[in-house]
Amino acid sequence: MTAWTVLVLGGDGIGPEVTEAALEVLGVVAASANIAVEIEHDLAGGACFTAHGVVLRDDTLQRARDVDAVLFGAEGGPEWDAVPSDLDPEQRSGLSHLRRDLDLYANLRPIRNWRGLVDRTPFKPELVAGADMVVVRELTSGVYFGTPRGTSTVDGREQAIDTQFYTADEIDRVARDALSLARSRRGKLTSIDKSNVMETGALWRRRVSVIAEKEYGDVDVEHLLADAFLCALVQQPARFDVVLGDNLFGDLVSDAAAPIAGSLGMLPSASLGPPDANGRRRALYEPVHGSAPDIAGKGLANPCGAVLSVAMMTEWTFTRPDLARRIEQAVDVALVETGGTTDLGGSARPAELLNAILARLA
Ligand code: NAD
Ligand code: IPM
Ligand code: MN
């Protein structure tokens, strides 16, 4: 039996805490399904900068290209503050470097309300119950990587510039992923942009329309301005199925939607590259939350975002959606049984929640 190889980059803050928890789930699920998984560990982010003076080493990047999947924890926090701020985004952020180098352009961020958490969100229970959406975020272009960028002083005044940039094919490929996903779910896509004020927004809307009309006539597509979308999201959190946005809007929208799931600590993600000749895609799985320096090392980190990221790995890399559903069901039951961690308004320790998940899986 050939083994899947997974490179684990725990990173900073609560990153290593939550990836270790997720690895326990991966171990139990893989063993029960007779799937061999080989785990490698390495450093990334501030932890790597402290040890090696760079946020990601070249041989780590090469390993990330070669393995079947990367499991990433989080990047950021005090050590990272020492990284010079005038570096390019790839040199400043190990995560940005990985996303860009591996061409992980399609970032899937599922957000749902959980049975045990219906009355734990800022929403009225009847509004949020049943909410189940996926934000598809373009991840390798847009204002994160556009040039020119930088800070300078002109005529004695300090100024900074970022550039929002998209090509039609960058929009087309992520639109296809979002439309395919919508087709496999409830058949609805909401694409968000600022086509009323931005050139890139107008191109975004035009390309998504063309791809949808030509190739996905069966998917119900709506275009909303990003500001109006956010208003609709908090008014009707259960209205959306797949939501497609550019790199920046996708980042903002997924955090804004996180309270639907009870906490930012609940959100997983998969970042996928283009399929190769065999249909295989490079993939990085990570919780949506950051390094949470305020709770790092205190044994308070909700492991569910990382655990559910492993579930996404079983679905997208191991092509075993049945295993993903098993993990999600175990999380669902464990939340009901334990009442959830403190970020969810519960009082369970993360270890208790993890043990309840593992018990259900066993
Ligand atoms: P954050 O996501 O780290 O934390 C936001 C809030 O949510 C904090 O109060 C934190 O305690 C809480 N939280 C987050 N994850 C949690 C979990 N699993 N369990 C319980 N509570 C949780 O965002 P921030 O504070 O804005 O950023 C901190 C650092 O993380 C920054 O350096 C930022 O750049 C970085 N960051 C990294 C990533 C990533 O690696 N993917 C994502 C976001 C932010
Ligand atoms: C995320 C984070 C990252 C982003 C940062 C840490 C570079 O917020 O993954 O959502 O902005 O993409
Ligand atoms: Mn973010």
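Rule-based calculations on the coordinates, nothing more; no lab input. On a predicted model such as this, the values are computed, not experimentally measured, just so you know. Please note: Cβ atoms are built from the backbone with ideal geometry, for glycine as well, and neighbour counts cover all protein chains shown.
Brief remarks on what is shown
- Only beta bridges with both residues in the chain are counted; by DSSP, about 45 percent of them are antiparallel.
- Amide H contacts of R320 (H built 1.01 Å from N, under 5 Å, at least 5 apart or other chain): E315
- Across the chain, the relative contact order, built from alpha-carbon pairs under 8 Å that are at least six residues apart, equals 21 percent.
- Rounded to 5, percent antiparallel among DSSP beta bridges of segment 156-300: 30
- Length gained on full extension, A3 to R183: 61.7 nm, using 0.36 nm per residue less the C-alpha separation.
- Taking amide H as placed 1.01 Å from N in the peptide plane, R282 has its amide H under 5 Å from the amide H of G273, each at least 5 places away in sequence or on another chain.
- Sequence-distant aspartates and glutamates (8 or more away, or on other chains) whose Cα lies within less than 19 Å of K298: D12, E17, E20, E75, E79, D343, E352
- For the chain, the C-alpha radius of gyration sits at 0.97 times the compact-globule guess of 2.2 N^0.38 Å, with N the residue count.
- Set of lysines near K214 by C-alpha distance (under 24 Å), chain-local residues within fewer than 8 positions excluded: K188, K194
- Taking I192, I161, I260 as the candidate residues, the one with maximal mean-square fluctuation in a Gaussian network model of the chain, Cα springs under 10 Å, is I161.
- Phi to ³J(HN,Hα) by Karplus 6.51 cos²θ - 1.76 cosθ + 1.60 over segment 269-286, Hz, x for Gly, Pro: 7, 10, 10, 10, x, x, x, 7, 4, 9, x, 7, 10, 4, 8, 10, 10, 7
- P(r), alpha carbons of segment 69-201 - 10 Å bins starting at zero, rounded %: 9, 27, 31, 23, 7, 1
- Relative contact order [Cα under 8 Å, 6+ residues apart], segment 176-306, whole percent: 22
- Comparing S195, S93, S291 in a Gaussian network model of the chain (Cα springs below 10 Å), the most mobile by mean-square fluctuation is S195.
- Cα Rg over Rh - segment 198-351, Kirkwood: 1.00
- About its Cα centre, the chain has a charge dipole of approximately 980 debye under the convention of +1 per Lys or Arg Cβ and -1 per Asp or Glu Cβ, with nothing else charged.
- Stretching the chain fully between R206 and R65 yields a gain of 47.4 nm (0.36 nm per residue, less the alpha carbon separation).
- As a proxy for reagent exposure, ranking R109, R100 by other Cβ atoms within 10 Å from fewest up yields R100, R109.
- Among T153, T167, T50: highest mean-square fluctuation, GNM of the chain, C-alpha pairs under 10 Å: T153
- Vicinal HN-Hα couplings computed from phi for segment 74-79 (Karplus, 6.51 cos²θ - 1.76 cosθ + 1.60; Hz; Gly/Pro x): 6, 10, x, x, x, 5
- The calculated FRET efficiency for T50 paired with A160, based on their beta-carbon distance and R0 = 22 Å, is about 0.20.
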